[in-house]
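To start, the structure under review is shown below, and the notes come after it.
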Amino acid sequence: MGELQGVGIGLRKALFEPLLATNRRVDWLEVVSENYLDATGRADAMLARFAERWPIVPHGVALSVGTAPPDGYVEKLTALAARLSPPYLSDHCCYSSIGARNFLDLLPLPRHDEAIARIVTNARAVSAATGCSLVLENITTYAEMPGSIYDEGTFLRRIAEEAGVGLLLDVTNLHLNAVNHGLDPLALLDAFPLEHVRQLHLAGFTQDGDVLLDTHSAPIAAPVWDLYREVIKRRGAIPTLIEWDQHIPPLDVVLDEADRARSLMERHG
Amino acid sequence: MTTSLESFFATMGALMEGSISAEQCEARLGPSASGTARLALYPRLIARQATSALDAMFAAARIAGLAWDADGYRALQAGYLAAHPPRSWSPSEVVVGFADYLEAHGAPRDIVELADYARVCRQVLAAPASDGTAGLAVVHYQHAVREFALGIKAGSIAEGRPAARPTTWILGRHRETQRLVAVTPSVPALVALQVLTDGTWSGGLPAVERSHVRLEAAALVRLGVLAPTAQTLVDELACD
């Protein structure tokens, strides 16, 4: 499969049947890798059906590149990559498990040299084992981890350059981090290594007390659209994903957001 | 202060499992620039994430559980997650044992049945394709759990508990659409499944007209839950 183009949406069970029935434009799909690593039955059959019509990129949440991939994970990811032939595999620049304990969440690392070295080693190993490029996403953080010495832009740039991986810029996460840490989103964007970005994510969020949570459960908010426009102005068109994971609306609502992103990409890219 | 990664993970793991406080975490790793309260958010988010996985898979059991005893149901959820800390990357794999846990810990029968129904549906949808009966399930409940679960999913039921009414279902997956199919079985339909499973017409089966069994097998084929080859096998066995 060649490089992605245009705007994709996250393939979720609630969208299976409407997606097969729609005539509206969908450029590509992203699946949560873990939903298909052991897929049998319906999930397996539906993946085959969608793969006939659209390019599909596996996007993981459990690689845990900051600690180590869970036992057996990379072998299954390799098989999924062989099945789908994606342009790359993506996951997050974080950890989600420690040893056998999985936290089912994306957790921030201290941004220091040892963490960079660990991620670089793991990312290279995963790329080599799967035969696929790896792309790592910036996560939402709610607290600075003790021991951090670098800002996020520096941290991600070094990882991208030393590991030879691409980056996935989640524009919503950038906005959330700015708000959660009292920073200027444009300053965060200035520091972000846009030259390494191969994909963008857009999603909704929710407020919980004084923090914004990355829940993928609401429409994309106005400040995120503004930031997206700024990214496209700076870097040109970049394949973009619309993400919904909770309170998933009718497909047309998801595709309206995809159309809006495509329109911004065409106008400003 | 920069501590080693191993020390970081050991300490953060302890924080997220609730065995140390955020203050103790900072004492070991140094302060978070965001403050102690923000660091303390993580164990809460981790617990919420795991509970969300339970709520997602057992949506109908949750509604009935909250109607039964909200604190009691939440205590059962917390107890399950404490006894079974996630060790899989698959949230549904992590929580699938909750149905057994509810039964073992004395949850009301209707809530146990709702959880079991969710688990069986998952198994049916995930079963490898089969020409026989391997992916089918026959379930008997004392409550109208399927009706209740469908109402929750459709949004027509937001609270309450399932009616006390014995129900029996054949649950299967449509061979083309891959959707869950539920059939209220007749005795001949159950006999058809038993004959297919056994590969023979054994002596212990209920006395039914073999022609009725063949018709019910044909109906299950039309509903997409049995392969046409299964009907052929039933036809052959019925002629023996």
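Read-outs throughout are calculated quantities, based only on the coordinates presented, and are distinct from any laboratory measurement. All of these numbers come straight from a predicted model, not from anything done at the bench.
A straight Cα-to-Cα reach below 17 Å connects A:LYS233 with the aspartates and glutamates A:ASP170, A:ASP190, A:GLU195, A:GLU266, residues fewer than 8 places away in its own chain not being considered. A cut-off of 5 Å between modelled amide H atoms, ignoring neighbours fewer than 5 places along the same chain, links A:ASP208 with A:LEU213. Percent of Cα pairs in the protein assembly as shown per distance bin of 20 Å, from zero to the largest separation: 21, 51, 24, 4, 0. Return the Rg/Rh value of region B:129-240, two decimal places, where both radii are evaluated on C-alpha atoms and Rh is the Kirkwood radius. Looking at region B:129-240, the ratio lands at 1.04.
Across region B:2-8, rounded Karplus estimates of 3J(HN,Hα) from the backbone phi angles (6.51 cos²θ - 1.76 cosθ + 1.60, θ = phi - 60°) give 10, 9, 5, 4, 4, 5, 4 Hz, Gly and Pro being marked x. Histogrammed with a bin width of 5 Å, the alpha carbon distances of region B:185-240 distribute as 4, 24, 38, 25, 8, 1 percent, first bin at zero. Across region A:75-87, coupling constants 3J(HN,Hα) worked out from phi with the 6.51/-1.76/1.60 Karplus curve, θ = phi - 60°, read 4, 5, 5, 4, 5, 5, 5, 5, 6, 9, 6, x, x Hz, and Gly and Pro carry x. Which distance in Å, rounded to a whole number, links the C-alpha centroids of region A:23-78 and region B:102-181? Using only Cα atoms to place each centre, the spacing works out to 27 Å.
Each residue of region B:170-175 is assigned a 3J(HN,Hα), and the resulting list reads 9, 10, x, 10, 4, 5 Hz, derived from the Karplus form 6.51 cos²θ - 1.76 cosθ + 1.60 (θ = phi - 60°), x at Gly and Pro. Under a 5 Å amide H cut-off, with hydrogens placed 1.01 Å from N, A:LEU241 pairs with A:GLY8, A:LEU200, A:HIS201, A:LEU202 among residues at least 5 apart or on other chains. Radius of gyration (Cα atoms) of chain B, expressed as a multiple of 2.2 N^0.38 Å: 1.36.
For A:LYS76, the lysines whose Cα comes closer than 27 Å to its Cα, not counting residues fewer than 8 places off in the same chain, are A:LYS13.
In chain A, the convex hull through the Cα atoms has an average projected area of 13.3 nm², a quarter of its surface area. Who wins for biggest fluctuation among A:ALA163, A:ALA79, A:ALA178 in a Gaussian network model of chain A, springs between alpha carbons below 10 Å? It is A:ALA79. Of A:ARG157, A:ARG24, A:ARG124, the residue with the greatest mean-square motion in the GNM of chain A, using alpha carbon springs below 10 Å, is A:ARG24.
May I ask for the equivalent-ellipsoid semi-axes of region B:1-135, computed as the square root of five times each C-alpha gyration tensor eigenvalue and listed largest first in whole Å? Value: 36, 19, 11 Å, ordered largest first. Normalised by 2.2 N^0.38 Å, where N is the number of residues, the C-alpha radius of gyration of region A:63-212 stands at 1.02. Springs between Cα atoms under 10 Å define the GNM used for chain B, and in it the highest mean-square fluctuation of B:VAL139, B:VAL183, B:VAL208 occurs at B:VAL208.
Amide H contacts for B:ARG179 (H built 1.01 Å from N in the peptide plane; partners 5 or more residues away or on another chain; cut-off under 5 Å): B:HIS174.
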